[in-house]
Each structure stands twice: as C-alpha cells, then as structure tokens.
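Read through the structure below, which is laid out as structure tokens, and then see the notes.
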Amino acid sequence: MSLSSRLQQHWSRVDPVSLMLIPLSLIYWVVIFVRRAAYEVGIFKIQEFSVPVVVVGNLTVGGTGKTPFVISLAEQLKQRGWSPGVVSRGYQGEASQPRVVPADGDAGFFGDEPVLISRKTGLPVVVACRRSKAVNRILAESVDVVISDDGLQHLAMGRDAEIVLIDDTEQFGNGLLLPAGPLREPISRLRSVDIRVRRGGSARSGEYVIEPRLGAARNLVTGEEVSLDLFRDQSPAAVAGIHRPERFFEMLAEEGLTVTEYSFADHHQFSPDDLPANTTVLMTEKDSVKCASFADNNWWSVALFTEVPEMLIDELEGLLGKNSLSLK
C-alpha cells in the first residue's frame, strides 16, 4: 500500500496520526495563503484568454464525480449553441506538452479521463501539465468556451466561473488540510466560488444537487449496447479502478445485479492479468478506455450519466456573459 493510501485511511476522522500531521498542514496552509496573495497583488501573473473559462473542481483529494459532470456540462452547453472545449492535466498520462486528445487515444499517454471525455463528447480535448498552456492550444480548435476538468488550484489560469463539486458521503473528511486531512484548500474557499454542486443527498443553501445514474452496458469489442437487465441472472464480475469503487458496486446492486467485486486504486493501469478470465465483466467507462485494447468478447462498460440542472446552466451562462477573468 502506498504512503498516500495509508494517509487516506486517517482522513475520515481526527485520530493520533492526523493530529501528528497538523504541523505539516499548517506549513501547507502558509504556502497556499502566500501563493494566493502573490497572485492577488500581481507578483505572479494570471493569464487571461480570449474566450471564457469554466473551472470544475473540488476542495478535496479524490474523486467527486467531476469528469461525468464535465461531460454533461459540455454536452448541455453545446445544445445551447456554445462550442465547448475541455482541458485537463491528464493525470498519470505522459503528455508533457499540449496535445489534442483523439477519441481513440492511448489512455496511458493522455490519461484515462481526457480520453473518456473525448470519446464521449466528440469535442476538442487538450491535455498539458500546465492547464493555461492547454487553454492556449485549444483556442486553435474554434471553441468559444473552455471547461477545465479540475484546476481550481491552478491560479495562473484565469477563469470566468468556478464550479465546486462536493461529495455528500465523504463531505470534507476530518476537515483538515493536507497531509493531515483531504483538503487542498480551507473549507472557507467555498465562499468565493460561483456555483456549488452536491453529488447525492439534499441540497444545502445555495447548492445544486446531482444524482448520477447508470445507463446501458456497451460491449468493448463489438460496441453493442444492452440494458443492465440482461445481467441480472448472470452474477458477473464488476471491476472498478476509481475513487471509492464501492460506489459503482452499490449502483449495480440498486439495478438488481449480484456481482463479484474487483476493486483497484483510482487511475489503475490495467493489464489482462488483473481481470477474471472466462466470465462476464462489467466495468466503469473510465476503466474501459484502458482495457479496450485487450478486451474479451464478454467485457462491458457501463455508462454513467450526470444530469446538470437547467437552472445551473442558466446561472453559468449569466456568469460567462460577465467575462470576468480575475482571480476569485
């Protein structure tokens, strides 16, 4: 088990380990405070762009459903007449310079999430280590709005709107900053973001709620799509290499499926030996982009949909009309 994984075991509570790490969290807080102040007074420059930029991020380490949200947000903006593009760091990918992500791109090179976004939306997607460079590159793709998948803490990138996702189950863990807790920034940062979105549960004041749901299963070899009802009597294997794999398993159970669970770390790079042989396999779409090259005929990816409320899109369009590129 990695050091990061061991630390995360203590992030849901205040215990002796997290208390011991608080001095390091205080140092981290000083660093982010000084860094933000340097951007605010102009010591560090914020790069402005000719089109609006929307940042979709979170305050905590780990997944809050950003990528499915970004996919839905991009598709709904397109339906309203926008020409969106998406930028990403391409976590665990190998692309150092800005690169356009093809729909059939190598997830090991570009990162699993950018490849999934490109494949699902058909929109321009660009990865780069520095998101500001990715934005500059994607402007050549005739986009009129850029969505940044993560990047809330990338202060060099100007933005017109910030959307923060909050997982209702995990919330903010023990409420402590890294490394004593899961927070990248203090909870007070929520006061300065434009839109807050809660994944599951009930909306708090000023929040929107989204309820992700599973869709059809798609065969990794043939592309055939079938209802999950087909697997209710099969007891398939369920594979998930995401933050909190149990989410996927629970959603399958809610669809009436009984599965054998195979959990992996988030962004796990799969090999054929990782998956069970000679059995039906259901996996997340994010995992499927890493398994398609060696898939068996009975491997299926399960679609995940996140419906973005129309009122949220209305509010966002109002923010984009302001064309404010300053730091929030």
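The values are calculated or read from the model by the stated rules, or taken from the named source; none is laboratory data. Remember, it's a predicted structure, so these values are computed and weren't measured experimentally. We place every Cβ from the backbone using ideal geometry, glycine too, and count neighbours over all the protein chains shown.
Step by step: first the residues of the range 286-310, then only those that are surrounded by fewer than 20 Cβ atoms within 10 Å (Cβ to Cβ) and charged (D, E, K, R), then the one that is nearest to Gly241 (Cα to Cα). Which residue is that? Taking the candidates together, the pick is Asp296.
Residues in the range 37-86 that are part of a helix (DSSP H, G or I) and either without any contact (Cβ under 8 Å) to a residue 24 or more places away in the chain or basic (Lys, Arg) (or both) were compared, and the one that is surrounded by the most Cβ atoms within 10 Å (Cβ to Cβ) is Lys66. Filtered by the rule that a residue be assigned to a helix (DSSP H, G or I), surrounded by fewer than 17 Cβ atoms within 10 Å (Cβ to Cβ) and in contact (Cβ under 8 Å) with a residue 12 or more places away in the chain, the range 162-189 gives a lone residue, Ile187. Annotation note: of Gly173, Gly201, Gly151, the sole residue that is at positive phi and in contact with a Ser or Thr (Cβ under 6 Å, 6 or more places away or on another chain) is Gly173.
Quick one: is Ile195 closer than 30 Å to Val31 by Cα and either touching a residue at least 40 places away in the same chain (Cβ under 8 Å) or aliphatic (A, V, I, L, M) (or both)?
Taking the combined requirement at face value, the residue satisfies it.
The single condition among (1) touching a residue at least 12 places away in the same chain (Cβ under 8 Å); (2) farther than 30 Å from Leu21 by Cβ; (3) not polar (S, T, N, Q) that Gly90 does not meet is (2).
For the range 161-191, residues that are of a type in the set (S, T, N, Q) and under 25 Å from Leu320 (Cα atoms) total 1. Scanning the range 30-38 turns up one or more residues that are at pLDDT 95 or above, charged (D, E, K, R), closer than 24 Å to Ala156 by Cβ and assigned by TED's automatic domain parsing to the domain that holds Asp168. If you filter the range 212-268 down to residues that are of a type in the set (Lys, Arg) and within 26 Å of Val197 (Cβ to Cβ), you find that the one that is surrounded by the most Cβ atoms within 10 Å (Cβ to Cβ) is Arg247. Look at Arg6 and say whether it is charged (D, E, K, R), farther than 24 Å from Gly158 by Cβ and either surrounded by 13 or more Cβ atoms within 10 Å (Cβ to Cβ) or outside the structural domain of Pro245 (by TED's automatic domain parsing) (or both). Considered against the rule, which asks whether it is charged (D, E, K, R), farther than 24 Å from Gly158 by Cβ and either surrounded by 13 or more Cβ atoms within 10 Å (Cβ to Cβ) or outside the structural domain of Pro245 (by TED's automatic domain parsing) (or both), Arg6 comes out as yes. Counting the residues of the range 115-154 that are assigned to a helix (DSSP H, G or I) and either touching a Pro at 6+ places or on another chain (Cβ under 7 Å) or at pLDDT 95 or above (or both) gives 16.
Does Glu113 satisfy being surrounded by 24 or more Cβ atoms within 10 Å (Cβ to Cβ), closer than 21 Å to Val145 by Cα and acidic (Asp, Glu)?
Criteria met by Glu113.
For the range 51-72, taking the residues that are among the hydroxyl-bearing types (Ser, Thr, Tyr) and modelled with pLDDT under 95, the one that is nearest to Gln9 (Cα to Cα) is identified as Thr64.
With respect to the conditions (1) within 16 Å of the chain's Cα centre (by Cα); (2) polar (S, T, N, Q); (3) more than 18 Å from Pro98 (Cα to Cα), Ser188 lacks only one, and its number is (1). Among the criteria (1) out of contact with any Gly (no Cβ under 7 Å at 6 or more places or on another chain); (2) of a type in the set (S, T, N, Q); (3) over 22 Å from Thr284 (Cα atoms); (4) at pLDDT 95 or above, the one Ser202 does not fulfil is (4).
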